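The values are calculated or read from the model by the stated rules, or taken from the named source; none is laboratory data. Remember, predicted model here, so these are calculated numbers, not experimental data. Every residue, glycine as well, gets a Cβ built from its backbone with ideal geometry; the counts of neighbours run over all protein chains shown. Side chains are part of the model used for accessible areas, which takes the heavy atoms of the whole protein and leaves out ligands, DNA and RNA. Shrake-Rupley method; radii C 1.70, N 1.55, O 1.52, S 1.80 Å.
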Amino acid sequence: MSAPGFTNLNSYSQNSTPNGGAAPPGQNGPAQTYSSMYPPAGYYGAPPQQQGYPTTTPGHSAAVPHKSPITNSSHSGVYYHNNQQQLLPQHHVASSPYSAPPSSAPPCQTYATLPSSAPPPSNSQYNQQPFQQEQRHPPYAPPGSYYGQQSYHAPPSQHPQQPRLVPVAAGGPGAPVYPIVSYPTAPGSSQYGTLSSSQSTSRPGAMPTLMGAPLHQYSTSQPVSTTAVQPGYSVAPSGQLTPTMNGSTAAQTTVQQHYDQSHQASLSCDSYGRVSHSSGGADADRPPSGTTSVHSSPGHHQGGDTSSSTTGSASPVPNSYDSLEGGSYPDSAPPPNDMANQAQPYTGYGYPSMQPAYRQGPSAHTESSPSRDLYGQPSYQQCPQPFPNLSQLSAALGGLSGVPELEVEALRPVNLLQERNLLPPRPLEAPEPNLSPDLKKVNCSPQTFRCTLSSIPHTQALLNKARLPLGLLLHPFRDLQQLPVITSNTIVRCRSCRTYINPFVTFLDQRRWKCNLCYRVNDVPDEFMYNPVTRSYGEPHKRPEVQNATVEFIASSDYMLRPPQPAVYLFVLDVSHNAVEAGYLKYFCESLLENLDKLPGDTRTRVGFLTFDSTIHFYNLQEGLSQPQMLVVSDIDDIFIPSHDSLMVNLKESKELVKDLLTSLPRMFSQSRETHSALGPALQAAFKLMVPTGGRVSVFQTQLPTRGAGTLQSREDPNQRSSKKGVQHLGPATDFYKKLALDCSGQQIGVDLFLLSSQYADLASLACMSKYSAGSIFYYPSFHCIHNPAELEKFQKDLERYLTRKIGFEAVMRIRCTKGLSIHTFHGNFFVRSTDLLSLANVNPDSAFAVQMSIDDSLADSSLACFQAALLYTSSKGKRRIRVHTLCLPVVNQLSEVYAGADVQAITCLLANMAIDRSISSSLLDARDALVNAVVDLVSAYKSNVSNLQQSGLVLPAAMRLFPLYILALLKQKALRTGTSTRLDERVFAMCEFKTQPLQQLTRMVHPDLYRLDNMSDQGALHLNDTVVPQPHLVHLSAERLSRDGAFLMDCGNVFYLWIGKCCNEMFIRDVLGCPNYASVPPNMSHIPELETHLSERVRAFLDWLQDNRAFSSSIHVVKDDASAKATFFQNLVEDRSDSASSYYEFLQHIQLQMAK
């Protein structure tokens, strides 16, 4: 195998752009249009010229290299694929700008890669041999229509018969709601219909499924640039004046007060649909607590500056989000190569059933030393070979002149077969880029923006040599304690690439600045000369925009396609017998009642409710009614809305009716015996309700949909849960939910799914409704309000966070990068509207994204590479805002510096995303092979570059010493494991989490943190306010590190396990758990009592500190050593051997064996 296991997960789909892929310009889906499905709506239905999203012109989008990402799949509508980002249906009579003529798509280029110069180890267990990749179709041109040439027509007119009115007895608040209007069933067909599944394994033009291929491929030659120098780019020779970089001359300034120097008229809506003008002073938009609000003075703005977007300018009205946020500069397309890496399937890797003779060595930390060897794990065998010193390593890697001490430590060679204590005392932090102190001070937080390599190779050839993937992990909307909010008449941007001004631009003088992404020289507008922080004039480099890597702008009307929408929430609730048995409805209603006033929004906030079993129930909550009215539609084959003006109501005006409904709902359906679920028709009804405005739909489902459109059948075979031969049905069974999600995305509707089911519910199909509409997925596999109180508590806490967390509506996000770099694959929940523009109908602070990148042109002339993510959204208060994050990293030309800056956690998380896509597009076994190959390739590449040291064993630089351990842990997780009984829905949900969770959460899910708590001390403790937070050292995830006289806390990200040994100190059990001895600890204990003891305070302080670093509350389970529940705890001890997976030492031996072949 010549390519690393994960560098081009891109070799399987010649005609599908996954949801993580970038389609060529003008081809965001099949060249197919749909007839109008819905009549023209009002203003918020948006006329075509304002609501459409035309594709970008060829001159303003990047040609996409044909590297089939791990996400790529065949033409079938599988899970996690955009499949060409199919066209959204037209919702207007006029022609929709969604579709582009076929001629607008540039010719596709095949992007194959040459074999690596390093010969691959022949791998008998992997059987990887070259294969010839046959290109039968252009990479993004499907052989036929995505939907099988099925056309869609406008729905039939609503039923002519009059609704039958049913008298209702008067009742006070809280009285049960009885059906008021019942609509008889009329013949008709579903608007959507159930699209036939396209899960065929073979079809004309499809590439054969390839096994064991790398997740990404490396080219041995540098791609030739085809980009002409843009007019106006001004790159000064090195001998000319040396401008200063902003941020290097002034420290970052934190502003704690508002600056009222502007009274611009900002567009706002005082009621839904009425536009008014209000003062734009400090009180016009109240920033969140802890934010900095900066208002720029308009007195110095003279207009006429072409490098900025100015309120009231004469620019034409934008007609798409692409032109709204601003296009990007043309990128070069790499030339096609005629060779590709190839591989054949293998039957799975097996480890020799040997017991290696470990030799016990001293532990680095007393906390991780077992007091007795109770688990009898064998020890490592010490190798006698001499180890290289840094001078030898330096010579081998090309010299380390001028390398900082931290970088020298990161390059320290580590022999994994000899080193027993790899874990640091505390969880890993992101590596610090090798930048000047002034640039470090203003760089973006790694919690927001993180790169897999904190030192960017200057060429693709150097990146290929390192055998490491290049990508970004973003958490763009996360909750921030400090956020500079800037209200200004002028938002300064580059005239060429539309980059927002940031701390890493260069001021040539007071009147000119050079863009740090495309190097264009721009004029400084007059208004920008005034600094509202210092109230001084003539210091543009001290403005807040160039002193903070993360800023938020209050956008002007230039950034609006329509008046900002209100916050609109629709709750779609399953009330079938299965839902009643689970008992979730009572707790949902209670939680919503408690948090009704905390829903993000303003006086325009709207809410609505829809319940369903085998029929659909709407609720009239119009102001003036004495009680809510239920309207039942039994014709689920042709859903229509019985009332268009009273089902989505103003929350402030109808709050009492909403409270009455929430009080009544649990009693209304408590005796329900209806076992069927019409989820599909309920979603169609929800879509029709939300089309005029957009907003958020929250779906609560407890079983398989069994009625109407979107009906699903059980596909899980319980006998195959432990199979080692791969897993079937990881993709959706129908395209219905994906198509509906794309319709929702086009109308700014996000769909969130809460699945509370103890039975198989086909999450692989249902998840598409959230995947493609930028929604969230919550799954409670064993939910029951009585039998599982721990799951109920988690549901209640999650729901409270969900209802009250910040939300952004009608959002788009674009990622820009330094000229010469390009983005080719996206990961997360969204719809790719153009090559670099993500459509996010809703954006929330708990979702993250990942992107894969490549180096198209040499960066040798640049010392810095920059990345900028701009998120344009509407706040719940109706303000249009732009949150901008900018990351700066050094460009290096030495392999040693690339390895020194490698971020092992970010690399692992990016590979996890790529593996999830590969498992769906190809097979689970193929994805597992590619992960193992990633380790083999990295170790081989590192060894070949230090071959003169003649080192035996497995040697990696210290920065990557945990990489094999993380990959082994990843292979043992629910999403990717084989041989261990795993329910299909739980596996699919684990895959969903890998695609959307922030990096810190993902890392804990892959490799949990283990701490010993019974011997904690205050040494090194944190002192936060009046609380002492202990900082125990990390313990290796191995049973030999446990001690039966100890208590160990395992942090798995979404759950804590507190393992109590049989011989645990009774004082700890008494002071922390409140039980007199070990025997009295209850078997299902799921909380830590608040006791007034020193040890209890320390343990709870540490737990609270861990909880504070995550959005959703993690449940805790106390696990006794002799309890059956300990099996789950021991499954997470990833360094130990299990029935179906190898130990860490055996895994290293397997890697060494593959290298020797």
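Being modelled with pLDDT under 95, surrounded by fewer than 18 Cβ atoms within 10 Å (Cβ to Cβ) and either polar (S, T, N, Q) or in contact with a Leu (Cβ under 6 Å, 6 or more places away or on another chain) (or both) is the requirement here; does THR534 meet it?
yes
Assuming ASP602 fulfils every condition listed in (1) closer than 22 Å to GLY750 by Cβ; (2) in a loop (DSSP other than H, G, I, E, B); (3) in contact with a Phe, Trp or Tyr (Cβ under 9 Å, 6 or more places away or on another chain) apart from one, which condition is it?
Of the numbered conditions (1) closer than 22 Å to GLY750 by Cβ; (2) in a loop (DSSP other than H, G, I, E, B); (3) in contact with a Phe, Trp or Tyr (Cβ under 9 Å, 6 or more places away or on another chain), the odd one out for ASP602 is (3).
Using beta carbons and a limit of 7 Å, which pairs, at least six apart or on different chains, have the first residue in segment 1018-1033 and on the phi > 0 side of the Ramachandran plot and the second one not hydroxyl-bearing (Ser, Thr, Tyr)?
Once the first residue is on the phi > 0 side of the Ramachandran plot and sits in segment 1018-1033, its partners that are not hydroxyl-bearing (Ser, Thr, Tyr) give GLY1020/GLN1031.
Go through (1) open to solvent by less than 10 Å² (accessible area, probe 1.4 Å); (2) touching a Ser or Thr at 6+ places or on another chain (Cβ under 6 Å); (3) more than 19 Å from MET960 (Cα to Cα); (4) not in a strand (DSSP E or B) one by one and return the number of the condition LEU910 breaks.
Status for LEU910: all satisfied but (3).
Scanning for something in contact with a Lys or Arg (Cβ under 8 Å, 6 or more places away or on another chain) and under 25 Å from ASP856 (Cα atoms), does segment 434-456 turn up at least one residue? Steps first, answer last, please.
We begin by selecting, within segment 434-456, every residue in contact with a Lys or Arg (Cβ under 8 Å, 6 or more places away or on another chain); these are 447-448.
If we keep only those that are under 25 Å from ASP856 (Cα atoms) too, we end up with none.
No, every residue in segment 434-456 fails to be in contact with a Lys or Arg (Cβ under 8 Å, 6 or more places away or on another chain) and under 25 Å from ASP856 (Cα atoms).
Would you pick out the residues in segment 1013-1033 that are touching a helix residue (DSSP H, G or I) at 6+ places or on another chain (Cβ under 9 Å) and either at pLDDT 95 or above or part of a loop (DSSP other than H, G, I, E, B) (or both)? Spell out how you get there, then give the answer.
So the first thing to find is which residues in segment 1013-1033 are touching a helix residue (DSSP H, G or I) at 6+ places or on another chain (Cβ under 9 Å), and the list is 1013-1016, 1018, 1021-1022, 1024, 1027-1033.
Listed by number, the residues that qualify are LEU1013, ASP1014, ASN1015, MET1016, ASP1018, ALA1021, PRO1030, GLN1031, PRO1032, HIS1033.
Could you figure out which of (1) modelled with pLDDT of 95 or more; (2) under 29 Å from HIS1036 (Cβ atoms); (3) of a type outside the set (Gly, Ala, Ser) isn't true of CYS888?
(2)
Of the conditions (1) open to solvent by less than 40 Å² (accessible area, probe 1.4 Å); (2) in contact (Cβ under 8 Å) with a residue 60 or more places away in the chain; (3) within 30 Å of ASN415 (Cβ to Cβ); (4) not acidic (Asp, Glu), SER1113 satisfies every one except a single condition; which number is it?
Of (1) open to solvent by less than 40 Å² (accessible area, probe 1.4 Å); (2) in contact (Cβ under 8 Å) with a residue 60 or more places away in the chain; (3) within 30 Å of ASN415 (Cβ to Cβ); (4) not acidic (Asp, Glu), only one is false for SER1113: (3).
Please specify each residue of segment 554-570 satisfying the condition of being surrounded by fewer than 22 Cβ atoms within 10 Å (Cβ to Cβ) and in contact with a Phe, Trp or Tyr (Cβ under 6 Å, 6 or more places away or on another chain).
GLN565
Do we find that GLY953 is surrounded by fewer than 19 Cβ atoms within 10 Å (Cβ to Cβ) and in contact with a Cys (Cβ under 9 Å, 6 or more places away or on another chain) in this structure?
The answer is yes for GLY953.
Do you know which residues across segment 654-703 are surrounded by fewer than 22 Cβ atoms within 10 Å (Cβ to Cβ) and of a type in the set (D, E, K, R)?
LYS655, GLU656, LYS659, ARG667, ARG673, GLU674, LYS688
Criterion first (open to solvent by 10 Å² or more (accessible area, probe 1.4 Å) and among the small types (Gly, Ala, Ser)) does SER643 satisfy it? If you could, list the steps in order and put the result at the bottom.
Numbers: open to solvent by 10 Å² or more (accessible area, probe 1.4 Å): yes; among the small types (Gly, Ala, Ser): yes.
Considered against the rule, which asks whether it is open to solvent by 10 Å² or more (accessible area, probe 1.4 Å) and among the small types (Gly, Ala, Ser), SER643 comes out as yes.
Can VAL551 be described as buried (at least 21 other Cβ atoms within 10 Å of the Cβ) and at pLDDT 95 or above? Write out each step before concluding.
Values: buried (at least 21 other Cβ atoms within 10 Å of the Cβ): yes; at pLDDT 95 or above: yes.
Here the answer is yes, as VAL551 does meet what is asked.
Hey, among VAL884, VAL892, VAL898, which residue is in the same structural domain as LYS465 (by the TED database), over 15 Å from the mean Cα position of the chain (by Cα), of a type in the set (A, V, I, L, M) and open to solvent by 10 Å² or more (accessible area, probe 1.4 Å)? Before you say what the answer is, go through the steps one by one.
Working: VAL884 fails: open to solvent by 10 Å² or more (accessible area, probe 1.4 Å); VAL898 fails: open to solvent by 10 Å² or more (accessible area, probe 1.4 Å).
Sole residue among the options that is in the same structural domain as LYS465 (by the TED database), over 15 Å from the mean Cα position of the chain (by Cα), of a type in the set (A, V, I, L, M) and open to solvent by 10 Å² or more (accessible area, probe 1.4 Å): VAL892.
So in segment 732-771, with the set limited to residues that are of a type in the set (Gly, Ala, Ser) and open to solvent by 10 Å² or more (accessible area, probe 1.4 Å), which one is nearest to GLY680 (Cα to Cα)?
So the first thing to find is which residues in segment 732-771 are of a type in the set (Gly, Ala, Ser), and the list is 733, 741, 745-746, 750, 757-758, 761, 764-765, 767, 770.
If we keep only those that are open to solvent by 10 Å² or more (accessible area, probe 1.4 Å) as well, we get 733, 758.
Details: ALA733: 14, SER758: 20 Å.
Going through the qualifying residues, I end up with ALA733.
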